[in-house]
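Here is the structure we will look at.
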Amino acid sequence: MSLLSFDLPSLETIELEPDGETLRVWLNRPESRNAHNQLMIREVGDLFGALNGQTQYRVAVLAGRGKSFCAGADRKELPPVPGNDREARYINQMGRRAARAIEDCEVVTIARVHGHAIGGGCCFATSCDFRVTSADALWYVPEVELGVPLPWGATPRLVSEIGMSRARQFVMTSERIDGSKAAEWGLAHEVCDDESGLDEAVDRWVDRLLELPALSVQMTKYQMRGYSQLARLGDLSEFDGDASARAIRTDDAQARFGTF
């Protein structure tokens with residue numbers, strides 16, 4: 001037996017669908033358009049971290065059950081009450097750790113985006129190596145509009161992926177864009193006319209990746225990740241959680257979160 005054996009974990013907010021050398025990872029809270037709660041964030045981080053310790057899956061496809069990929073934070077969930085300041089900081093950085101786990105995952109990752117990719121959902125998608133989207137999908141990070149800075153290490157990631165000019169436009173003005181514009185900007189690698197074409201497009205990406213030599217694909221991902229480390233020089237995203245926790249207490253944020 002391989003030293004890097006892997007048992008699929010038991011998850012509550014995520015459904016796992018093994019498919020040969022591909023693992024299809026479904027965000028599975030369709031009743032809330034896959035809005036992420038604390039449990040989902042933790043499970044996403046744990047899963048993609050665990051994938052580093054196995055060799056049976058070469059590609060992971062991150063998708064959403066129901067009408068959306070992920071509609072952002074579940075605003076019906078009451079925030080956890082930390083026992084002390086250190087626990088509060090740990091909780092505030094959970095999203096950043098989950099997004100970084102996707103970004104640094106050893107397997108190649110593909111996001112299948114439809115419906116909504118809002119806030120943390122957009123962060124999940126842009127943390128993947130490749131993104132395939134439907135033309136009518138809504139890509140949107142509302143944080144600045146809500147009165148808080150964009151957390152989860154998303155700002156340097158967006159700067160690296162789409163450039164400073166577009167990242168500034170997307171983040172600072174909370175601009176809503178559809179899947180076609182996401183592809184135009186470089187947020188997505190392929191756009192489909194509607195959701196019905198997504199699976200065929202994703203399968204095409206999966207098939208192409210799997211027909212390439214496994215080791216050279218993985219080592220090239222290592223190279224790409226190494227070069228991208230340049231974008232992390234001076235990366236202040238470790239303080240994202242602190243900034244968000246401070247900003248959310250302002251009168252503007254309190255008012256906007258309550259009515260958004």
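Let's see how each residue does on (1) modelled with pLDDT of 95 or more; (2) open to solvent by 50 Å² or more (accessible area, probe 1.4 Å):
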{"position": "Met1", "(1), (2)": "no, yes"}
{"position": "Phe6", "(1), (2)": "no, no"}
{"position": "Glu12", "(1), (2)": "yes, yes"}
{"position": "Asp19", "(1), (2)": "yes, yes"}
{"position": "Thr22", "(1), (2)": "yes, no"}
{"position": "Val25", "(1), (2)": "yes, no"}
{"position": "Asn28", "(1), (2)": "yes, yes"}
{"position": "Arg65", "(1), (2)": "yes, yes"}
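Gly53 meets all of the listed conditions (1) buried (at least 20 other Cβ atoms within 10 Å of the Cβ); (2) under 24 Å from Asp207 (Cα atoms) but one, namely (1).
The set of residues in segment 191-225 being open to solvent by 40 Å² or more (accessible area, probe 1.4 Å) and either of a type in the set (Gly, Ala, Ser) or touching a strand residue (DSSP E or B) at 6+ places or on another chain (Cβ under 6 Å) (or both) consists of Val191, Asp194, Glu195, Ser196, Trp205, Ala214, Ser216.
Residues checked against (1) part of a helix (DSSP H, G or I); (2) of a type in the set (A, V, I, L, M, F, W, C); (3) on the phi > 0 side of the Ramachandran plot:
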{"site": "Asp136", "(1), (2), (3)": "no, no, no"}
{"site": "Leu150", "(1), (2), (3)": "no, yes, no"}
{"site": "Ser160", "(1), (2), (3)": "yes, no, no"}
{"site": "Val171", "(1), (2), (3)": "yes, yes, no"}
{"site": "Glu175", "(1), (2), (3)": "no, no, no"}
{"site": "Leu198", "(1), (2), (3)": "yes, yes, no"}
{"site": "Ala201", "(1), (2), (3)": "yes, yes, no"}
{"site": "Asp207", "(1), (2), (3)": "yes, no, no"}
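Applying a threshold of 9 Å to beta carbon distances and a minimum spacing of six or more residues, or different chains, the list of pairs starting in segment 76-103 at a residue that is in contact (Cβ under 8 Å) with a residue 24 or more places away in the chain and under 18 Å from Arg29 (Cβ atoms) and ending at one that is open to solvent by 70 Å² or more (accessible area, probe 1.4 Å) and in a helix (DSSP H, G or I) reads Pro80/Glu87; Met94/Arg42; Ala98/Arg42; Ala98/Asp46. Would you be able to say whether some residue in segment 162-173 is among the small types (Gly, Ala, Ser) and in contact (Cβ under 8 Å) with a residue 60 or more places away in the chain? So far as segment 162-173 goes, no, none of its residues is among the small types (Gly, Ala, Ser) and in contact (Cβ under 8 Å) with a residue 60 or more places away in the chain.
Among the residues making up segment 51-76, a single one is among the aromatic types (Phe, Trp, Tyr) and over 12 Å from the mean Cα position of the chain (by Cα): Tyr57. Among the residues of segment 159-182, which ones are open to solvent by less than 60 Å² (accessible area, probe 1.4 Å), more than 21 Å from Trp205 (Cβ to Cβ), modelled with pLDDT of 95 or more and not small (Gly, Ala, Ser)? Gln169, Phe170, Val171, Glu175, Ile177, listed by residue number.
The values are calculated or read from the model by the stated rules, or taken from the named source; none is laboratory data. Note that this is a predicted model, so its numbers are computed, not measured. FYI the Cβ positions are ideal-geometry reconstructions off the backbone, even for glycines, and counts take in every protein chain you see. Note: accessible area is taken over every heavy atom of the protein model, side chains too, but ligands, DNA and RNA are not part of it. Shrake-Rupley method; radii C 1.70, N 1.55, O 1.52, S 1.80 Å.
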